[in-house]
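Visitor: Please find one structure pasted underneath; my questions will follow.
The values are calculated or read from the model by the stated rules, or taken from the named source; none is laboratory data. Everything numeric here is computed off the predicted structure, so don't read it as measured data. Because the Cβ atoms are built from the backbone with ideal geometry, glycine has one as well, and the counts that use them run over all protein chains shown.
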Amino acid sequence: MALTTWALRKSLWVYHVNTGACNNCDIEVLELLTPRYDIERFGMVLVGSPRHADVLAVTGVCTRQAMPRLQEVYLQTPKPCVVLAIGSCSLEQGIFTEAYHMGPKVDETIRAVDPGAIILYVPGCPPKPEAMIDAAVKAMEFLKTL
Amino acid sequence: MSHRTVVNIGPFHPLQEEAEFFQLYVDGETVVDVDVRLSYNHRGIEKLDESKTFDQVPFVVERVCGICSASHPLAYIQAVEEIARVRVPERALYLRTIVNELERLHSHLLWVGLAGHFLGYNTVFMWAWKYREPVMDALEVATGSRVNYANCKVGGVRRDMTAEQLRMIDRASDELRAPLEMLTNAVLDDPVLHARLKKVGVLTPEAVKLYGAVGPTARGSGVPIDVRRDDPYAAYDRVDWQVITAPHGDVFSKAVVRLLECFESVKIIRQCVRDIPRGEIDAKVEDIPPGEGVGHVEAPRGETFHYVRSDGSNRPVRHKVRAPSYNNIPTFKASCIGLEIPDVAITLASVDPCYSCTERMCRAVDAETRKPLYNFAELVRLSQQKTERLRKS
Amino acid sequence: MTDWDRQPETPLLGFVGEVIESLGDAVEAVEQCEARRGIARIRPDRTVEVAAKMLALAGSRLATATGIEVRDGVEVLYHWAFEPPGAVVTLKALAVRPEVVLESVANVVPAANWIEREMHDLLGVGFRNHPDMRRLVLDDSWPEGVHPLRKEFDQVLDRPPLPPNQTSPDVPGDRGGAE
């Protein structure tokens, strides 16, 4: 296990990227910080810059305008990093698949710049906070296997 | 010759949840102009709706904005009901009112928490969101989901509520009163908040009219407009409540309006639960005739406006969505100019901008070198430091 | 003209009637006049004058504007809300083909600024003398002259090519480059 991976699995820092979501997933992500769900007990914090982040929590459909910016944010994040694709929109663009302002899906967008990216999917519209905590714990478990 | 600097804020910043790109033009510490670039969140919903049937559209407009996911469908449905001249059963009107007011409670508490966070009062953030949870539970019990309710349909509502569910909603909103009072007193009594928020980001009633501002942004400037009272829909004309206004137009007034509105929402919900009649929950709607209709609803952030045109087929010819933030965000041009950079974060936050609704990024750059000066996180940090300074002095 | 115009002469009654009447001969036809809703067609060359008159009325505000493509061009609907008494008066102006141009009302009513930019993006309506006609809602790589809300645009088949993948961690244009 590389030193970086060993350090990574202790406490994950999350940067939250909205690529054209309706806000529901975003308030549920913020909800994780608050007393009822309190994700900080797993050592996770939301940080203000992708350069500090271990996890990118991506919500939204990835619009055409957001697509290059999402790739930029991903490139700025130190590797290895985990991408959490949160919500139906970031999985398959959900109800918006046919709309004209869609970019590629979130995973395709990230794989276009890094084919080996680690992407975890959290389905739901929006996923319940419990599902997101589950995803975060699975991300930690996964990092142990690296 | 003054040195003009551009401060970019966004598009991705950690605290407002969505992407939006603001550019502040600053001279030293003072903001001289503001510019906004949308498109980060533009999804093309209006075109998408033209390919959906009248019954499918509410599920799409619900996802215009997650926080207003009861108001947008209701505005759309009212527009369609206006075309089809539907008489909605009484019980459905009350059920619509209950869900819309619960939504207002959760949205206003969310804003109080975020505003506290921007000012460096993280306790307020945690408390407000803690007290918001029972509201979310009530919504989940009543509609099946914490945020996307899908309870309205053309002609009525989709699901009835049982007496037990109504009792639970009543209890949850009643129990909210004590924490709301505590939050309100905490805001009204704190000298540091007075120093930070009063006379900051003032929006005059004239600017409200020119920019067409709506909701708490307008009411905080003493302009008493509220669709719930002026053009009553659902059951708002059957219950007793007040339109809350505050006279000064500053950030403080907007905060006061939102906090006091929470009490009104509790009042409305409790009356609805008490007075709700028995009976049908939906009217049968056969076809949507050709015609055009306007529906507007007072969402937590202000009036959300929908226009629908039908040609007699089963899909709308045109569906226009105008969310409240679309009118409120341009008021930054009137309220931010002349402010110091640390005050910008809270002024931007004071209109409770909802970017999904409007669609959109914020960062500060030097106009000549094009290097970023501040990002939104730093703006928030500056804002928090200013509070800290005031608290110590 | 729409195919389902109501009866040609709608009596002007109540508050909405007064509002429409105050616009004088700028009104071409009244399509709906009810207690809280009114629709009138105005002369496309007099939008600015009408907007100034509407803004001067007590309690008025421009709720928003809608653009709809019809056979002869694009209809621009200005929705004016009045509080009190809580009425919505919609004024229609037709921007005829092939130019599809109207005079901008944004200089008189700042609330129309964004919505006119949006209609310019999505429907290709030109607004003469608009103070700030830059792109608002479509993304930077969207080609000029493609208007997604036009009826001939198919939202799946006619999508323009996507922007190129980002290879360096820097997006041009975000660093103060909106102009």
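Visitor: Do any strands (runs of 3 or more DSSP E) lying entirely in region C:1-100 carry at least 3 residues that are within 13 Å of the chain's Cα centre (by Cα) and facing another protein chain (nearest Cβ under 10 Å), and which ones are they?
Guide: Hits in region C:1-100: C:60-70, C:73-82.
Visitor: Also, I was wondering about something else. Scan region C:17-42 for residues that are within 17 Å of residue B:231 (Cβ to Cβ) and among the polar types (S, T, N, Q) and report the count.
Guide: 1
Visitor: Then there is this: Consider residue C:153 against the criteria (1) of a type outside the set (D, E, K, R); (2) within 10 Å of another protein chain (Cβ to nearest Cβ); (3) loosely packed, with under 14 Cβ neighbours inside 10 Å: it satisfies all of them except one. Which criterion is unmet?
Guide: (3)
Visitor: Related question: Of everything in region A:5-39, what is more than 11 Å from chain B (Cβ to nearest Cβ) and either of a type in the set (Gly, Ala, Ser) or farther than 21 Å from residue A:119 by Cβ (or both)? Give them in sequence order.
Guide: Correct list: A:6, A:7, A:10, A:11.
Visitor: I'm trying to understand the selection: among the residues of region B:267-322, which are in a helix (DSSP H, G or I), surrounded by fewer than 24 Cβ atoms within 10 Å (Cβ to Cβ) and not aliphatic (A, V, I, L, M)?
Guide: B:267, B:270, B:271, B:274, B:275
Visitor: To continue, here is another question. Within region B:358-369, identify whether any single residue is more than 9 Å from every other protein chain (Cβ to nearest Cβ) and at pLDDT 55 or above, and answer yes or no.
Guide: The answer is no; no qualifying residue exists.
Visitor: Let me ask something additional. Which residue, of C:108, C:146, is crowded, with 18+ Cβ neighbours inside 10 Å and in a loop (DSSP other than H, G, I, E, B)?
Guide: One residue alone meets the criteria, C:108.
Visitor: Same structure again: What helices (runs of 4 or more DSSP H) completely inside region B:27-109 contain at least 1 residues that are among the aliphatic types (A, V, I, L, M) and at the interface with chain A (Cβ under 9 Å from one of its Cβ atoms)?
Guide: The helices (runs of 4 or more DSSP H) meeting that bar are B:45-50, B:57-61.
Visitor: Which residues, counting only those in region C:111-141, are surrounded by 22 or more Cβ atoms within 10 Å (Cβ to Cβ) and part of a loop (DSSP other than H, G, I, E, B)?
Guide: Scanning region C:111-141 gives C:111, C:125, C:136, C:137, C:138.
Visitor: Related question: So which residues in region B:156-165 are surrounded by fewer than 22 Cβ atoms within 10 Å (Cβ to Cβ) and not in a loop (DSSP other than H, G, I, E, B), if there are any at all?
Guide: Hits for region B:156-165 are B:163, B:164, B:165.
Visitor: Hey, does region A:80-99 have a residue that's more than 9 Å from every other protein chain (Cβ to nearest Cβ), surrounded by fewer than 17 Cβ atoms within 10 Å (Cβ to Cβ) and at pLDDT 90 or above?
Guide: No, there is no match, as no residue in region A:80-99 is more than 9 Å from every other protein chain (Cβ to nearest Cβ), surrounded by fewer than 17 Cβ atoms within 10 Å (Cβ to Cβ) and at pLDDT 90 or above.
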